[in-house]
1. Roughly how compact is segment B:177-295, stated as its Cα Rg over 2.2 N^0.38 Å to two decimals?
2. Per-residue ellipticity at 222 nm for chain A, helices alone: DSSP H runs ≥ 4 residues times -39500 (n - 2.57), over residue total, nearest 500 deg cm²/dmol?
3. Averaged across the residues of B:83-95, what count of C-beta atoms belonging to other chains lies within 10 Å of each residue's C-beta?
4. Full extension from residue B:126 to residue B:46: what is 0.36 nm times the residue separation minus their Cα-Cα distance, to one decimal in nm?
5. Kindly give the semi-axes, whole Å and largest first, of the ellipsoid equivalent to the protein assembly as shown, taking each as the square root of 5 times a Cα gyration tensor eigenvalue.
6. Nearest 10 degrees, 0 to 90: what angle lies between the long axis of helix A:177-189 and the longest principal axis of chain A (Cα atoms)?
7. So, in Å, what gap is there between the alpha-carbon centers of segment B:213-278 and segment A:97-126?
8. Antiparallel versus total DSSP beta bridges in chain A: what percent is that, nearest 5?
C-alpha cells in the first residue's frame with residue numbers, strides 16, 4: 001500500500017462528473033443500522049455496528065479482509081439468510097422499516113435493494129434475458145413493448161447500450177469482463193431499486209474497466225443510493241461521499257471521505273489508510 | 001534459464017535399479033490388464049458384429065417373428081415401447097427426486113432418499129422383475145404386459161435418473177443462484193429459471209444412460225413382459241409383448257441355425273442401440289459443458 005499522503009495528493013474525483021459537493025445535512029437517511037451484531041452460529045462477526053446511509057450518496061466500506069464489511073453489506077438485502085446459522089441482532093432499518101422484523105418480505109426487500117457481486121455473474125443466457133430476469137421474477141413490466149424499453153433504459157444507465165444494442169440476443173458470456181460487470185449492474189437497475197450494494201465490483205477488472213465502473217457509480221448516485229465495499233482506498237477516495245472504516249467487526253469511524261483521508265479522527269483509521277497495517 | 005541448467009524433461013537415467021524395476025512392473029501390469037480387458041471386449045464386439053452382420057437382412061426390420069425364424073420387427077417395436085414406457089414413469093419421478101435432493105433435502109429426508117437410491121442400484125434386476133411379477137402380473141391381474149414391463153424398467157432406471165439429476169442440478173454454480181436471489185427471485189424461480197434449465201443437458205445425459213440400461217435389460221422383463229410374435233395392438237395390460245433381449249436369450253439355446261442367426265441379429269441391434277445412445281449422451285454432456293460458465 002502506498003503511503004497515505006500519496007492518496008491525498010490525488011484528485012478526489014474521477015475525471016468526468018465533478019465531485020459532488022458534500023450532501024446537504026438535511027438529506028434523508030435511507031439506511032439506519034443501530035447496534036447490529038451478527039453471528040455465524042456462535043461466532044460473532046459484527047459487534048454493535050451503527051451507521052447510516054443517506055439518499056443519493058455513495059458510502060464506501062473499507063477495512064482489512066475479514067473485518068465484516070461484506071457481511072454487513074450482505075445483511076442489507078438479507079443475502080446472509082441463505083447461510084445456515086446466520087443470525088442478526090439489533091436494528092436495521094431501510095426507509096424507517098425494520099427489515100428483520102418477523103414477517104417482513106425478503107423478496108420485496110431484494111427488489112428495493114439491488115446487489116452487484118465481486119465476481120461478475122451474468123446468467124449464461126442472452127444479454128436481453130439477463131436484463132429482463134428481474135422483471136420476470138417479480139412480474140414487472142408485463143405489457144408488450146415495456147420490457148424492450150426497460151432493456152434499453154437499463155443498458156443505457158449501465159453504459160452498455162452502445163456496445164450491446166446490436167447483440168441483445170447474443171450470449172452474455174461473450175462479453176468482456178468489464179462489460180459483464182456492467183451487464184450485472186444493468187440487470188440490477190432493471191427492477192428500479194432504491195439502493196445499490198456493490199461488493200468490490202471492480203476488484204477483478206483491469207484499470208480501464210475499473211475506471212468505467214467508477215464513473216458509472218458517480219452517475220448512478222444521481223438516482224440511487226450506493227453502498228460500496230472496496231479494498232482499494234484510492235477508489236474509496238475517488239468516488240465516495242462518506243467512508244466507514246471497519247476493523248475486526250466494529251465500525252471504527254464514519255466520516256465524510258475527504259475528512260477521513262485528511263484528518264482521521266481515530267488513530268487506527270490513520271494507521272490503516274497510511275498503510276501501517278491491513 | 002542459463003545454458004548450464006539441466007533440461008526439465010530429463011530421462012530417468014539417474015534412477016536406482018529398484019525404482020526402474022518397480023516402474024517396469026507397474027507399466028507391465030497396467031498394459032496387461034488393459035490388453036486382457038480390450039481383448040475380451042473386442043472379441044465380444046467382433047463376434048456379435050460378424051455373426052450379426054451375417055444374419056442381417058431387410059426382412060428382420062419389416063417382418064415379425066415366425067416360430068424360430070422370420071424377422072424381429074415385433075421385438076424392435078417392443079423394446080422401444082417398453083423402454084419409453086419405463087422412461088415415461090421414471091423421468092418425472094426421478095427428476096423430481098433429484099430436485100428434492102439438490103435443493104430442498106434437509107434433515108433426515110435427503111440421506112434416506114439417497115440411501116434408498118443407492119440400494120436400488122445394487123438390487124439384482126431379476127428381483128425387481130419378480131417383485132413386479134407378484135405385484136402387477138399376479139395380484140393386479142395384468143398378466144404379462146407393457147404396463148408391468150414398463151414398471152419394472154422404471155424401477156431399474158429410477159435411481160440412475162435421480163442421482164444424475166441431483167448431480168446435474170448441484171453443478172449449477174452458486175454464484176448464479178445468488179444473483180437470481182439478489183434480483184428478488186424466490187425458491188421456485190431459482191430452480192425453474194436458473195438451476196433446471198442449466199442442468200438440463202446433464203439431466204438428459206442421465207436419462208439417456210437409463211435408456212441404454214433399459215434397452216439392455218432382460219431379467220426384469222422375463223417376469224413381466226412375456227413374449228409375443230406379433231406387433232403390439234396398444235393394450236397396456238393383458239397383452240404380452242416381444243423385446244430384443246428375449247430374442248437373444250431364447251433363440252441362442254435353440255438347436256437351429258436359423259434361430260441362432262436371429263439371436264445374433266438381435267444382439268447386434270441391441271449393441272447398436274446402446275452405442276447410439278452413448279454417443280448421443282456424450283454430445284449432450286459436451287453441450288452442457290459449453291453452456292455453463294466457469295464450472
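Coordinate-derived values only; no laboratory data. Given the structure is predicted, the values throughout are model-derived calculations rather than measurements. So basically every Cβ, Gly included, is an ideal-geometry build from the backbone, and we count neighbours across all protein chains shown.
1. Relative to the 2.2 N^0.38 Å estimate, segment B:177-295 comes out at 1.58.
2. So the calculated ellipticity at 222 nm is -9500 deg cm²/dmol.
3. 0
4. Taking residue B:126 through residue B:46 to full extension adds about 26.0 nm, to one decimal.
5. Rounded to whole Å, the semi-axes are 63, 31, 23.
6. 80
7. Distance between centres, Cα-based: 56 Å.
8. 60
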